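Worksheet for the structure shown next.
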Amino acid sequence: MKICLPGLLPEQLVVDLPEIDAQHEEIFCRIESLKTACFESSHVPVAEFEALLDYFTMHFATEERLAEEAGLDFVDHARIHEDTLRLLRRALVEVIRGARDAHSFLRYCEYWFERHISEDDRLFINNLQSSNFMPSPGFWQGGDLQACA
């Protein structure tokens, strides 16, 4: 897979929390790389698709950790994460079996993620900032912020 260059996170989706913005950027990077990989061949790189969903899982855990550190109620937002992961994992099985198109799956991931950031994450970040939350100095260390490979 190709190395992704920064800049895939649309400006209107920047939430002004560096750890979260970096992870959002990485997810868009991975989706774009998978689109390119699938466009160039009929092969579906299953391990890379699974890595995308694993990264979603890690990102959701980061948001949950931040909410916990700030003492915010995150039950409804966490439920959205759980439901989405269950749906995406089921859809990925269909892609692997050939019952669902890989491009449609990726377009759905991208559309869902854009909507989730603009609606759910913005509200979460606003609540986080309203709570006067200050991330710990080492908050970058726990993240898996790597370039797409």
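The values are calculated or read from the model by the stated rules, or taken from the named source; none is laboratory data. These figures come from a predicted structure and were not determined experimentally. As a convention, Cβ positions derive from the backbone with ideal geometry for all residues, glycine included, and neighbour counts pool all protein chains shown. These accessible areas exclude ligands, DNA and RNA; they are computed on the full protein's heavy atoms, side chains included. Shrake-Rupley method; radii C 1.70, N 1.55, O 1.52, S 1.80 Å.
A few comments on the model shown:
- Model label points for Ile80 and Asp21, set 7 angstrom from Cα along the Cα-to-Cβ axis, are 2.0 nm apart.
- The string of couplings for the stretch 10-20 from the Karplus curve (6.51, -1.76, 1.60, θ = phi - 60°) is x, 3, 5, 9, 5, 9, 6, 10, x, 4, 6 Hz, one whole number per residue in order, with x for Gly and Pro.
- Accessible surface of His24, taken over heavy atoms with a 1.4 Å probe and every protein chain present, rounds to 0 Å².
- Considering only His59, Leu92, Phe74, and ranking their Cα positions along the charge dipole of the chain that arises from unit charges at the beta-carbon of Lys, Arg, Asp and Glu, the one farthest toward the positive end is Leu92.
- With a simple spin-label model that places each label point 7 Å from the Cα along the Cα-to-Cβ direction, the separation between Glu69 and Phe133 comes to 0.9 nm.
- Entry comment: accessible area of the stretch 1-108 is 52 Å² per residue, from protein heavy atoms only and a probe of 1.4 Å.
- Fully extending the segment from Ala51 to Asp101, taken as 0.36 nm per residue of separation minus the present Cα-Cα distance, adds 16.2 nm.
- What the Cβ-Cβ distance of Arg89 and Glu119 gives, at R0 = 25 Å and to the nearest 0.05, is a FRET efficiency of 0.70.
- Accessible surface ranking for Glu48, Glu68, 1.4 angstrom probe, highest first: Glu68, Glu48.
- Relative pair counts by distance (%), Cα atoms of the chain, 5 Å bins: 2, 9, 19, 22, 20, 14, 8, 4, 2, 0
- Surface listing: Val44, Val93 arranged by accessible area from highest to lowest gives Val93, Val44, probe 1.4 Å.
- With helices as the sole contributors, the chain gives -22000 deg cm²/dmol at 222 nm; each DSSP H run of n ≥ 4 counts as -39500 (n - 2.57), and the sum is divided by every residue.
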